[in-house]
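Here is the structure we will look at.
No value in this document is a laboratory result; all are computed from the given coordinates. Given the structure is predicted, the values throughout are model-derived calculations rather than measurements. Reconstructed Cβ throughout: ideal geometry from the backbone, glycine too, with neighbour counts over all protein chains shown.
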């Protein structure tokens with residue numbers, strides 16, 4: 001950690017950016033149940049009160065937080081309760097609020113990958129039991145894959161990887177024209193899922209071969225059956241098409257002859273969804289429909 005005296009001497013903008021980074025690191029330590037240096041936090045709070053009164057302008061809650069942080073010292077450790085310290089989860093939430101206030105003042109709009117890892121959230125129920133590290137679909141013997149067909153945006157590719165991993169998909173297939181999962185933006189938007197999922201380049205011929213081998217293929221595309229009416233196969237591959245052109249004619253024909261097309265009904269004027277969002281809706285419906293109640297992950 002940077003020395004507080006050195007931190008005090010930095011230009012205002014640089015100082016705030018550094019403090020935001022330090023707060024982020026502290027949040028991660030709290031999420032891992034690691035002790036943090038409360039005395040250092042007290043120094044950061046005092047520095048913010050002295051150098052950056054704009055932090056608390058119109059925010060009485062942050063003023064109270066900073067005053068409280070400057071009032072007590074010592075180490076924060078879940079294993080060693082202290083009567084004058086707030087619970088680690090509460091402190092983490094407060095530091096998160098303070099950090100985002102700083103980012104707002106710096107006119108920095110945080111991206112999804114700037115947020116803390118969702119797996120660190122305490123008490124939030126997800127589709128897997130905490131600490132299990134298992135993907136339910138693959139572990140239950142079901143093969144569920146997603147075929148990314150001509151999706152150009154690395155952000156969208158990464159988002160699809162993240163959703164696929166969260167819903168227990170077995171593998172990701174990518175057409176030759178799709179963005180590279182190894183692209184920095186894909187890695188960032190996937191929140192590490194690119195490293196957890198099996199993936200490979202593929203084409204219509206392989207999809208056709210899978211159908212012949214008995215694995216259903218269907219496509220998320222306009223003109224299909226409504227997602228709440230569609231009969232999802234227990235196992236299979238869903239094709240998700242280009243942001244601009246949709247699913248390619250070759251894969252569309254394969255899907256039509258196999259498990260069909262599925263669509264998400266929309267009523268708004270725009271009547272359009274980002275491809276990553278659309279896949280998220282479909283993945284959750286498929287996840288629920290393809291598993292019996294006894295197979296649903298339970299903690």
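For residue 90 and residue 8, a Förster radius of 25 Å and the Cβ-Cβ distance give a FRET efficiency of 0.35, rounded to the nearest 0.05.
Give the peptides 266-273, 12-19 in descending order of average Cβ contacts within 10 Å, highest first.
The peptides rank, most packed first, as 12-19, 266-273.
State the extension gain, in nm to one decimal, for the chain segment bounded by residue 257 and residue 29, taking 0.36 nm per residue of separation less the distance between their alpha-carbons.
On the way: separation 228, 0.36 × 228 = 82.08 nm, distance 5.20 nm.
Stretched out fully, the residue 257 to residue 29 stretch lengthens by 76.9 nm.
Taking the fewest neighbouring Cβ atoms within 10 Å as the starting point, the ordered list for 93, 32 is 32, 93. Between residue 228 and residue 49, the modelled labels are 5.4 nm apart [label points 7 Å from Cα along Cα→Cβ].
Sorting 180, 205, 107 by the number of Cβ atoms found within 10 Å of their own Cβ, with the fewest placed first, yields 107, 205, 180. The spacing between segment 1-76 and segment 190-249, judged by their C-alpha centroids, is 47 Å.
Take every Cα pair under 8 Å whose residues are at least 6 apart in sequence, average their separation, divide by the length of segment 136-295, and the relative contact order is 26 percent.
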